[in-house]
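Taking it in order: structure first as structure tokens, then the write-up.
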Amino acid sequence: MNHTNGSVKFEGGRNIAMKVPPHQHEATVRFYRDVLKLEPVGGPQGEAVGFKFGANNLWIDNVPGMSQAELWLEIVTDNTQEAAKILAQAGVARCDEIEPLGDQFDGYWISSPCAIIHLVDARQGSWK
């Protein structure tokens with residue numbers, strides 16, 4: 001389900017990122033690949049391995065320095081700049097420092113009130 005907030009439309013994106021510490025990464029990939037036998041999505045994206053997860057893509061990222069796994073979600077919008085204003089007015093915390101996206105990427109990181117990280121990006125910038 002999508003939601004329009006004035007002139008900005010928010011939708012859940014197709015990508016879910018599971019950020020996993022190195023000591024759990026191989027076993028986690030093996031679980032989704034060998035036990036659940038989920039279909040791979042493309043090739044590895046750096047340290048991320050992707051699987052089809054219903055209508056979504058599940059990316060399992062190997063992240064040094066983490067002590068436990070985290071789940072990160074994607075929100076797509078038709079206007080990231082207006083969305084940023086709406087989110088700021090609602091008191092939503094920006095947390096761009098958690099992972100660089102590059103200067104050319106049309107998006108940014110936010111945290112929900114319960115500390116779930118969300119990538120907010122333009123629909124056309126979303127990983128396929």
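The values are calculated or read from the model by the stated rules, or taken from the named source; none is laboratory data. These numbers come from a predicted model, not from an experiment. Note that we place each Cβ from the backbone using ideal geometry, even for glycine, and neighbour counts take in every protein chain shown. SASA here: full protein model, heavy atoms, side chains in, ligands and nucleic acids out. Shrake-Rupley method; radii C 1.70, N 1.55, O 1.52, S 1.80 Å.
Before moving on, here are some points about what is shown:
- For the chain, with +1 on Lys and Arg beta carbons and -1 on Asp and Glu, the positive-most of PRO113, GLY91, ASN15 along the dipole: ASN15
- Whole-percent carbon and sulfur share, accessible surface of the range 10-84, 1.4 Å: 53 percent
- Close amide-amide hydrogen proximity is noted between VAL63 and VAL20, each under 5 Å apart and 5 or more residues distant or on a separate chain (H modeled in the peptide plane; Pro and chain starts excluded).
- Measuring nothing but how far apart in sequence close Cα pairs (under 8 Å, 6+ apart) lie, relative to its length, the chain scores a relative contact order of 27 percent.
- For the range 45-128, DSSP calls about 75 percent of its internal beta bridges antiparallel.
- Of interest is the spacing of the C-alpha centroids, which for the range 51-128 and the range 22-42 amounts to 22 Å.
- In a simple Cβ point-charge model (Lys, Arg +1; Asp, Glu -1; nothing else charged), the range 38-94 has a dipole of about 120 debye relative to its Cα centre.
- Heavy-atom accessible area order for VAL8, VAL35, VAL63, largest first, 1.4 Å probe: VAL35, VAL63, VAL8
- Anisotropy class of the chain from Cα gyration tensor, a/c 1.5 cut: prolate
- Extension gain, LYS85-GLU70: 0.36 nm per intervening residue step, less the Cα-Cα distance, totals 2.8 nm.
- Charge dipole (Cα centre; +1 on Lys/Arg Cβ, -1 on Asp/Glu Cβ; no other charges) of the chain amounts to roughly 400 debye.
- Annotated for the chain: lysine pairs at least 8 residues apart or interchain, Cα distance under 23 Å, count 8.
- In the full protein context, the range 22-111 carries 62 Å² of accessible surface per residue, based on a 1.4 Å probe and ignoring ligands, DNA and RNA.
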